[in-house]
1. Return the calculated 222 nm mean residue ellipticity for the chain, to the nearest 500 deg cm²/dmol, obtained by summing -39500 (n - 2.57) across DSSP H runs with n ≥ 4 and dividing by the residue count.
2. Provide the three semi-axes, in whole Å and in decreasing order, of the ellipsoid equivalent to region 28-148 as defined by the square roots of 5 times the Cα gyration tensor eigenvalues.
3. I'd like to verify something in the chain: which complete DSSP H helices, judged by Cα projection on the helix axis, reach 20 Å or more and average at least -0.5 on the Kyte-Doolittle scale?
4. For region 311-381, just list the percent of Cα-Cα distances falling in each 10 Å bin from zero outward, please.
5. For the pair Arg48 and Ala204, how long in nm is the line joining their label points, each one 7 Å along Cα→Cβ?
6. When 1/r is averaged over all different Cα pairs and the result inverted, which Kirkwood radius in Å belongs to region 97-175?
7. What is the spin-label model distance, in nm, from Ser55 to Ile193 if the labels are put 7 Å beyond Cα along the C-beta direction?
8. Taking the Cα-to-Cβ direction at Ala277 and at Ile79 and moving 7 Å from each Cα, how far apart do the two end points lie in nm?
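Values in this text are rule-based calculations from the coordinates and carry no lab data. Quick caveat: nothing in here was measured; it's all calculated off a predicted structure. So basically every Cβ, Gly included, is an ideal-geometry build from the backbone, and we count neighbours across all protein chains shown.
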Amino acid sequence: MSDIWTALLGLGDKLAAHVLLSAAAIMLGIAVALPMAIWASRSPPIARITLGFASLVQTIPALALLALFFPILLNLRAIFGEGLPTLGFLPAFLALSLYALLPILRNAVTAQTNLDPGVIEAADGVGMTFWQRLRLVEAPLSSPYIMAGIRTAAVWTIGAATLSTTIGQPSLGDPIFAGLQTQNWVLVLAGCIASAGLAMVADALLGTIEKGLRTRRRVLSLGGLAAVLLGILAALSVSFGGRDDDRIVIGAKSFSEQYVLARLIGQRLEANGYTVAYRDGLGSAVAHRAVSTGAIDIMVDYTGTIWANEMQRSDNPDRDAMLAEIVDWEQHTSGTNVVGRLGFENAYGLAMPRTKAAQGGVRSIGDLAVRAQSLTIGGDPEFFERPEWVSVRNAYGLRFADQRTFSPTFMYNALRSGEADVIGAYTSDGRIAADDLVILDDPEGALPNYDAILLVSPQASRDARLLEVLMPLVGAIDVEAMRTANLSVDREHDKLSFGEAANRLARRVGLGGS
């Protein structure tokens, strides 16, 4: 219990960011829904269109809706300029506002269309104008029902906001995603408790406002509204009080190695006087686009990922030639600075339990292809959509009995439990040795190399001192050191935090650390 309490106390900035995002989305949802409801209540065709649109939005999974705003905003840069944010608050705000729309709109339209016709006739009979009737008659009668819709929207939005972590917006989803990655259930529980608690508090405060409107007790409505505003002001104070706009933002994809490396870089920058923020849990395409557009300043990526996913290349040159072409491509397409290799490779590889591979006589992916039709393959959420998988599958004619998707951590659990027979593993993962797995040979060379490289955004690259601080990282980290660091946060017992693992890694490879 004390561990959970400690974790909760450390979520102040995440809670504040979550409050601001949710509140802003709900307020925009209200601002859009109420005028639409007034219009729709007076026009059945408009009611069908608006409610149909809002219902359609609700059928889109929240995670997909959040992700869709990234390419939308990216394309809108052609109109609004390169300064338009494509990650973080703006896309999350817009997506969640759409998500909040339906319950507010539906309740408002229902309330308006079901008003007693006699009351409306009486208002017209005494000579009220449209706006007087709306303000003095319709709004007071409809407000309790509208507030009920706002309460529903608030709970939905606060829950969905945890997913904004995936597009670089800090939220209570940060500890949840980090905890799921490392099976740190204290972190997961802390994030869930904080999110659920926030939803319950918001619902109670909005319920107080609703009760005041329903019973015509102004003190309840004003008191609830004042409490809501005080909460938003407190969140603003935490988020922006003493905030350093010159901070360096370090991005990380959604697996342990990325979290550890981000902290390693951050600790080094902080030791040299920089203020640092982290954007964790990003997808590969989102993360690379973020650093190339300046939405984040620094990240670690992999040569094979850029080669296949970003450059759309299917050939497989040697690692030096590949790196040289990547450096040239990054400079010419976006101005992103490839500082250099970190010194280790984290390649995709197909992994099996050593005993199972030996029993089946499987040493290479070619051997695997003979038995694949009776086996289940598992991969991370993006593995089966990547061109590398298509290349391997086609090169060896792989046809598995079943194909399953797991989070990176649960892939290894799936092998142990028999839910999968082979997985798309990461070769620098410490669990390969810990779980006695074997990486199958790739005689056809279908998979490219995946040297870890340090990328700096075009804007941050103008800071010569920053590049100087980062240069000692180049070539400093060997694969064994990285595997040990990864295992220290992934093992089931005596886990280290990402920061502790980064500190230990820095000491091991001679980069300082405390």
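1. Mean residue ellipticity at 222 nm (helix-derived): -19000 deg cm²/dmol.
2. Result for region 28-148: semi-axes of 36, 15, 12 Å.
3. Going by DSSP H runs, the hits are 12-41, 44-59, 62-80, 89-113, 139-160, 185-215, 218-240, 256-271.
4. Per 10 Å bin, starting at 0, the Cα pair percentages come out as 14, 32, 25, 21, 8, 0.
5. The answer from the label model is 4.5 nm.
6. It is 14.7 Å.
7. Taking the two extended label points, one gets 4.1 nm.
8. About 2.6 nm separates the two model spin labels.
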